[in-house]
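The block underneath contains the structure these notes are about, expressed in structure tokens.
Just so it is clear, none of the values below were taken in a lab; they were calculated from the coordinates. Only a predicted model underlies this, so the values are computations on that prediction, with no experimental measurement involved. Neighbour counts run over all protein chains shown; Cβ positions are idealised from the backbone, glycine included.
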Amino acid sequence: MKRITILFTVLFTVMGTSRAFAVSEAGVLFLLISPGARAVGMGNTFAAVSDDATASYYNPAGFAFQGGREITFMHANWLRQLVDDMYYEYLAYKQEVPSLGGVIGGNITFLNLGEQVHTGPDSPDPIGTFTSWDLAVTLNYATRLTPDLGLGIGMRYIRSNLAPMGAGEEKGKGVGNAFAVDLAALYKAPFLPGLSLGANLSNMGPKITYVDAAQADPLPTNLRLGLAYKVIDSEFNRLQIAVDTNKLLVVRHKDKKPDPFYKAIFTSWTDGSLSDQARRLITSVGAEYVYSDLIFLRAGYYYDEEGRVKYPTFGAGLQYSMFRFDFGYIAAEEGHPLSDTMMFSLTAAF
């Protein structure tokens, strides 16, 4: 169990979440890992872009402006600076359904936390091993209310399998289940062609319980706001810049009791001064250049002042027929748990 505690302590500080203490009070933080090598290469700035299957995570309202069918798979070895058996998998799909007046989609997210050593309550000697993992399955639907405004919704089932036993004297198992909802919007500004505005309120749902309901943890409810603008949009050359801001909407009081998500959505904005609130925001900027729908070059910068997580990102992609291969790279400083993290995605449109 000790290894799990160490791993999650690190995850709390490197996954791109706001305010350190608020993050540590939330559960199932794997929901905040940004998927898609394309978006990662752009510094995770995708709320107002969301023009492929990964919109299921960043802004499901983006599906409202998409057609056809597309599937994306991503793999990443996670926190390789610390352990060698953690990995992250992401599978997303979307399909236009004219009979429903919109697009359906979804994703499966899996984080393998590796093999853990089970020790006795009174001795550090190992008595066995077990594997820990987290899983989320999401279903999305999006439609246009007007030619310029799309709305999206997501419903998510979450399964967290940390341990087959409680810690210390606790009875039961370290296994939890939860459900969550996302609400999103994407607006294509008619007054300035190329400008898009996006918003996604994600992971709204009841707390997740492992062993004791009195110790249940809130889900990492998050508000993502984004802006994107196509600086160049010609037949052979396209250049898009984007900015995203995230805020974690989690509040736990001095008595350790967290506000329910429907209350924390509001109280998280009054928990501290304006300068405190500004420091808790996570901001990222990114850009993508596309040549002839064949070659993609990307760069971005991720800035989390409160969590002290700051790093540039880079990426590239190649399109061939119906397939696109994307690569994303996190260039965190040497010694940082995310240093030299590489992500690979394969997308097929059909």
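Under the simplified labelling scheme, the residue 215-residue 87 pair shows an inter-label distance of 3.2 nm, with each label point 7 Å from Cα along Cα→Cβ. Shown in residue order for region 70-76 are the 3J(HN,Hα) couplings computed by the Karplus curve 6.51 cos²θ - 1.76 cosθ + 1.60 at θ = phi - 60°: 8, 9, 10, 10, 10, 10, 8 Hz (x for Gly and Pro).
If I stretch the segment between residue 183 and residue 266 completely, what's the gain in nm (0.36 nm per residue apart, minus their alpha carbon distance), one decimal? Each step should come with its number before you reach the end.
Details: separation 83, 0.36 × 83 = 29.88 nm, distance 1.57 nm.
So the chain would gain 28.3 nm between residue 183 and residue 266.
With unit charges on the beta carbon (Lys/Arg positive, Asp/Glu negative), name the residue among 65, 337, 211 whose Cα is farthest towards the positive pole of the charge dipole of region 2-349. Farthest along the dipole direction, towards plus: 65. Highest mean packing first, where packing is the average number of other Cβ atoms within 10 Å per residue, the peptides 53-66, 200-213 line up as 53-66, 200-213. Near residue 140: Cβ cut-off under 11 Å, other residues only, Lys/Arg at +1 and Asp/Glu at -1. The net charge is +1. Relative intensity of region 36-77 on a log10 scale, I(q)/I(0) at q = 0.19, 0.27, 0.32 Å⁻¹, equals -0.53, -0.97, -1.20, per a Debye sum over C-alpha point scatterers of equal strength in the absence of solvent.
Using Cα pairs closer than 8 Å and at least 6 residues apart in sequence, work out the relative contact order for region 2-349, in percent. All intermediate terms of the calculation are to be shown ahead of the outcome.
Numbers: 1017 pairs, mean separation 72.3, N = 348.
This gives 21 percent for region 2-349.
What order do you get for 147-158, 279-290 when each peptide is scored by the mean count of other beta carbon atoms within 10 Å, highest first? List each step's numbers first, then the result.
Numbers: 147-158: 18.9, 279-290: 20.6.
Peptide ranking by packing, descending: 279-290, 147-158.
As a calculated quantity, the FRET efficiency between residue 234 and residue 131 at R0 = 51 Å, using C-beta atoms, amounts to about 0.50.
Per-residue extension of 0.36 nm, minus the Cα-Cα distance of residue 191 and residue 293, leaves a gain of 34.1 nm for this segment. Taking Cα atoms, how many degrees apart are the long axis of helix 2-14 and the longest axis of the chain, rounded to 10 and kept between 0 and 90? The answer is roughly 30 degrees. Restriction of the trypsin sites (Lys or Arg not before Pro) in region 287-350 to DSSP coil positions whose beta-carbon has at most 13 other beta-carbons within 10 angstrom yields 308.
Would you list 75, 253 from fewest to most Cβ contacts within 10 Å? Intermediate results must be reported in sequence, preceding the final value.
Details: 75 16, 253 11.
Listed from fewest to most nearby Cβ atoms, that is 253, 75.
Calculated mean residue ellipticity at 222 nm for the chain: -3000 deg cm²/dmol, from DSSP H runs with n ≥ 4 weighted as -39500 (n - 2.57), summed, divided by the residue count and rounded to 500.
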